[in-house]
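Visitor: What follows is a single structure, and I will ask about it in a moment.
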Amino acid sequence: MATLSVKPGQRYSVPDWHTNSHLISADAERQRSASHQVRQEARALRNETNSQTKWDEHDNQTRLADRISSVNRWKEKLDKCLADIDAEIDALAKVKEAAERALQAKNLSLDVSIECLTLRESRRAIDVVRDPVEEELHKEVKTINKAKRELQEKVTEAFQQLCHLQEARQRLRCDHRHKMEALEIDRVCLSLNVNSPNISFKVNPTRIPGGTTTLDEWEQHSRDNKEHAEAEMKASIQLREAAVLTIAQTNNELEAQRVATEFAFRKRIRDMERAYDELKWQEQNTLEEIAELEEDIRRLEEDLRRKAQDLKVAHTRLETRTYRPEEELCRDQAQYGLTDEVHQLEATIRALKKKLAESQDALDALYRQLYRIQTDLGYKANSLVLDNKCMDSRRKLVVPAEKFVPEVDTFNRTTNRELKDKQLEVA
């Protein structure tokens, strides 16, 4: 017969079973409640973190955009400052070149002044005088040397200022280049998003790199560069104005001195011409006087010869009458008359000889004076040639070199045929 198998183990009562069911249900309720709480908190956290991340990204996007705008504003300021400093460098370089040209032009003026002084050293004898022309030429040399020193100072200052401007420009360009690089980097950062292919985790991205500056330091650096460049440009503008003024002043001073020197030259030449004409007139009058004196000497000599003949006649008469015989040898009126005639003729001859000697001395003096006049005429002619040569050389100061044609014959050093004729007459 079959038997009922009994499963071994503990037997629970129905209340226990009900209790267990209630416990399981209660645990399930509690776990579902806890899970619901976690889910609600997770949803809230997700919403909160998504909003925070979104706003953080938005804020940083805005900060990046603001930073780009700030850097771009400074870049534009630097652009303008660079354009201004480039223009100032060009302007100062042109003024420096103008000062160098003015300095170079002074060499011609100095050469001409020294040439004039050297030419005038060829004057002879009494014409070697320290006249107003020589004084003006020495003043002109001093004025030119002073102008050259002033212009050289301005050229040196302009060169140094150009170096300062180049240095300021280099600092600006370096700052400008850095800002361009920073703009490019920040624009790349602004364009990044979660879908960008080149995003990745980095090692310690929040580290502070060496050489990092604060925002104030960054802005102060750019401000210092800009202010330094503006200060150098201001100094350059003042230097340009001073250089232009110096060029104008030196040109005016040299022009005034040139006019004064040439006025002295013209006055001296007029005085020399008047003196030459006066000497020429004196030479002509002296020649006429010599001719007249020589004629008078000839007549004196002729009169002396006639008076000697007359004295011979008187002497012969007196001697012949000494041979009268006896009582006829008397001191009659004829004897007295002949004796008086002899005395008178001898006195006349002595007076004529004395006057002839005086005339000969006067003639010698006239010949000596004529020699002095003709010698001085030679000096004056030589001085006129030299001064006219100086005036011709000074034409290079107002006539362009390519159009300069000497008026003076460089072989004979004469200005016209009349002066050549004068030289021939003096010779």
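The values are calculated or read from the model by the stated rules, or taken from the named source; none is laboratory data. Fair warning: this is a prediction, and the values are worked out from it, not measured in the lab. Here the Cβ is made from the backbone with ideal geometry for all residues, glycine too, and neighbour counts use every protein chain on show. For the accessible areas, the whole protein counts, side chains as well, though only heavy atoms, and no ligand, DNA or RNA atoms are used. Shrake-Rupley method; radii C 1.70, N 1.55, O 1.52, S 1.80 Å.
Here is a yes/no grid of residues against (1) surrounded by 14 or more Cβ atoms within 10 Å (Cβ to Cβ); (2) at pLDDT 90 or above; (3) assigned to a helix (DSSP H, G or I):
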{"position": "HIS228", "(1), (2), (3)": "yes, yes, yes"}
{"position": "ALA231", "(1), (2), (3)": "no, yes, yes"}
{"position": "SER236", "(1), (2), (3)": "yes, yes, yes"}
{"position": "VAL244", "(1), (2), (3)": "yes, yes, yes"}
{"position": "ASN251", "(1), (2), (3)": "yes, no, yes"}
{"position": "TYR276", "(1), (2), (3)": "yes, no, yes"}
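Visitor: Condition first: more than 21 Å from CYS116 (Cα to Cα), in a loop (DSSP other than H, G, I, E, B) and at pLDDT below 85. Can you find one or more residues in region 331-342 that meet it?
Guide: Within region 331-342, one or more residues are more than 21 Å from CYS116 (Cα to Cα), in a loop (DSSP other than H, G, I, E, B) and at pLDDT below 85.
Visitor: Still on this structure, I have one more. Given the options LEU293, LEU338, LEU318, name the one that is touching a Leu at 6+ places or on another chain (Cβ under 7 Å), under 30 Å from TYR379 (Cβ atoms) and open to solvent by less than 90 Å² (accessible area, probe 1.4 Å).
Guide: LEU293
Visitor: Give the residue, chosen from ALA260, ALA235, that is under 30 Å from VAL112 (Cα atoms) and of a type in the set (Gly, Ala, Ser).
Guide: None of the other options fit; the residue is ALA260.
Visitor: Oh, and also: Would you check which residues across region 341-369 are over 30 Å from GLU294 (Cβ atoms) and loosely packed, with under 13 Cβ neighbours inside 10 Å and list them?
Guide: Of everything in region 341-369, just one residue is over 30 Å from GLU294 (Cβ atoms) and loosely packed, with under 13 Cβ neighbours inside 10 Å, namely HIS343.
Visitor: Might you check whether a residue that is part of a helix (DSSP H, G or I), without any contact (Cβ under 8 Å) to a residue 12 or more places away in the chain and not polar (S, T, N, Q) occurs anywhere in region 168-176?
Guide: The answer is yes, given that some residue of region 168-176 is part of a helix (DSSP H, G or I), without any contact (Cβ under 8 Å) to a residue 12 or more places away in the chain and not polar (S, T, N, Q).
Visitor: Also, quick follow-up: Kindly indicate whether any position in region 379-388 is surrounded by 13 or more Cβ atoms within 10 Å (Cβ to Cβ), farther than 17 Å from ALA275 by Cβ and modelled with pLDDT under 85.
Guide: Within region 379-388, none of the residues are surrounded by 13 or more Cβ atoms within 10 Å (Cβ to Cβ), farther than 17 Å from ALA275 by Cβ and modelled with pLDDT under 85.
Yes/no per residue for (1) open to solvent by 60 Å² or more (accessible area, probe 1.4 Å); (2) out of contact with any strand residue (DSSP E or B) (no Cβ under 7 Å at 6 or more places or on another chain); (3) under 24 Å from ARG240 (Cα atoms):
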{"position": "LEU151", "(1), (2), (3)": "no, yes, yes"}
{"position": "GLN161", "(1), (2), (3)": "no, yes, yes"}
{"position": "GLN166", "(1), (2), (3)": "yes, yes, yes"}
{"position": "LEU172", "(1), (2), (3)": "no, yes, yes"}
{"position": "ASP175", "(1), (2), (3)": "no, yes, no"}
{"position": "HIS178", "(1), (2), (3)": "yes, yes, no"}
{"position": "LEU183", "(1), (2), (3)": "no, yes, no"}
{"position": "ASN195", "(1), (2), (3)": "yes, yes, no"}
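Visitor: When you go through ASP111, ASP79 one by one, which is the residue that is under 26 Å from the mean Cα position of the chain (by Cα) and part of a helix (DSSP H, G or I)?
Guide: After ruling out the rest, the residue left standing is ASP111.
Visitor: Contact list please: Cβ distance under 9 Å, first residue in region 44-57 and open to solvent by 90 Å² or more (accessible area, probe 1.4 Å), second residue part of a helix (DSSP H, G or I) and not acidic (Asp, Glu), pairs at least six apart or on different chains.
Guide: If the second residue must be part of a helix (DSSP H, G or I) and not acidic (Asp, Glu), no pairs are left.
Visitor: Hey, any hits in region 120-143 for a residue that's at pLDDT 85 or above, part of a helix (DSSP H, G or I), surrounded by 14 or more Cβ atoms within 10 Å (Cβ to Cβ) and among the basic types (Lys, Arg)?
Guide: Looking through region 120-143, at least one residue is at pLDDT 85 or above, part of a helix (DSSP H, G or I), surrounded by 14 or more Cβ atoms within 10 Å (Cβ to Cβ) and among the basic types (Lys, Arg).
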